[in-house]
Amino acid sequence: MITLLLALMQTPAPAPIARVEVTPATPEVTVGQTLQLSARAVDASGQPVPGARIQWYGGGEGDVDSTGVVTGGYQGYIQVTAAASVAGMPRPAFGFARVRVLPGGPVRVALPALPGPLLVGSRLTLSATAYSAENDRRDDPVAWTSSNSRVAQVTSDGRLRAVAPGRATLTGRAGTASATLAVQVIPAALSRLEVEPGSSEARTGDVIRFRAAGRSATGRE
């Protein structure tokens, strides 16, 4: 009996704080903006621990102050730690949050360069990228429009078709940011393209040169 009593007396008391809960669970903040995080210390039964003191620490692409306010610095993530303790507790308990820092809104759209005038009937797929004021690349979809669909037609996702000779202006827009692209469409003078090899026979390692010739509807090269 004495041995049992001594064992019970030596069993350490359960820690007053079982875990630290940080909310929101999936936090996000925009570059230059702030977000208030909250934390609470709970015991093994899930009840708040009275008098628990919370201290905040952070590292990564931003800062966190002593009250849990996070400020987004650069696109990426901020690792936040909430340390909770009460008087007489030998070591604090920790809760964690991974704050995603999103780029600011789009202020610039970078458009592709066209190779030159387009022949009637040409088809291209255009791509464009939106950037924030901090020059962070964004994932915003760029919507396309044409000033003259009788010359150049374009779908909202950038599929371009040269319809008839003339000029048109294409606009790529993401949010409030936009940019324009001038397009010239010229007549297609070619009716067919002929490709001929320099030789009809070859051995492994031989180099064969090909000749390509474009011809008009009358057969003129």
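The values are calculated or read from the model by the stated rules, or taken from the named source; none is laboratory data. Just so you know, these numbers come straight off a predicted model, no measurement behind them. Cβ placement follows ideal geometry from the backbone for every residue including glycine, while neighbour counts extend to all protein chains displayed. Just the protein is used for accessible areas: all its heavy atoms, side chains included, with ligands, DNA and RNA removed. Shrake-Rupley method; radii C 1.70, N 1.55, O 1.52, S 1.80 Å.
Once both labels are positioned 7 Å from their Cα atoms along Cα-to-Cβ, the gap between Thr34 and Leu114 label points is 4.9 nm. Look at the dipole of the chain built from charges on Cβ: of Thr30, Thr218, Ser122, the Cα furthest out on the positive end belongs to Thr218. Of the listed residues Phe210, Phe94, the order by accessible area with a 1.4 Å probe, largest first, is Phe210, Phe94.
For Glu134 and Asp65 in the same chain, what is the full-extension length gain: residue separation times 0.36 nm, less their Cα-Cα distance, in nm? Walk me through the intermediate numbers first.
Working: separation 69, 0.36 × 69 = 24.84 nm, distance 2.30 nm.
Answer, rounded to one decimal: 22.5 nm.
For Arg123 and Thr23, the FRET efficiency from 1/(1 + (r/R0)^6), where r spans their Cβ atoms and R0 equals 45 Å, is about 0.30. Computed 3J(HN,Hα) for the range 53-69, one whole-Hz value per residue from the Karplus formula 6.51 cos²θ - 1.76 cosθ + 1.60 where θ = phi - 60°, is 9, 10, 10, 10, 9, x, x, x, 8, x, 9, 9, 9, 5, 9, x, 8, glycine and proline marked x. Rolling a 1.4 Å probe across the protein heavy atoms gives the range 99-210 an accessible surface of 64 Å² per residue. Rounded to the nearest 5, the antiparallel percentage of DSSP beta bridges internal to the chain is 90%.
In this Cβ point-charge picture (+1 for Lys and Arg, -1 for Asp and Glu), the chain has a dipole of about 780 debye about its Cα centre.
The value obtained for the chain, namely the Cα convex hull volume divided by the number of residues, is 265 Å³ per residue. With helices as the sole contributors, the chain gives -1000 deg cm²/dmol at 222 nm; each DSSP H run of n ≥ 4 counts as -39500 (n - 2.57), and the sum is divided by every residue.
Taking the Cα centre of the range 86-189 as origin, work out the dipole magnitude from +1 charges on Lys and Arg Cβ and -1 charges on Asp and Glu Cβ, in debye rounded to 20. All intermediate terms of the calculation are to be shown ahead of the outcome.
On the way: 12 positive and 5 negative charges, 23 e Å.
For the range 86-189, the charge dipole is close to 120 debye.
As a test of reading the structure, rank Leu119, Leu170, Leu190 by solvent-accessible area (1.4 Å probe, protein chains only), most first.
Working: Leu119 70, Leu170 0, Leu190 105 Å².
Greatest to least solvent exposure: Leu190, Leu119, Leu170.
Have a look at Val20, Val64, Val101 and report the one farthest towards the positive end of the charge dipole of the range 1-153, computed about the Cα centre with Cβ charges (Lys/Arg +1, Asp/Glu -1). Value computed over the given set: Val101.
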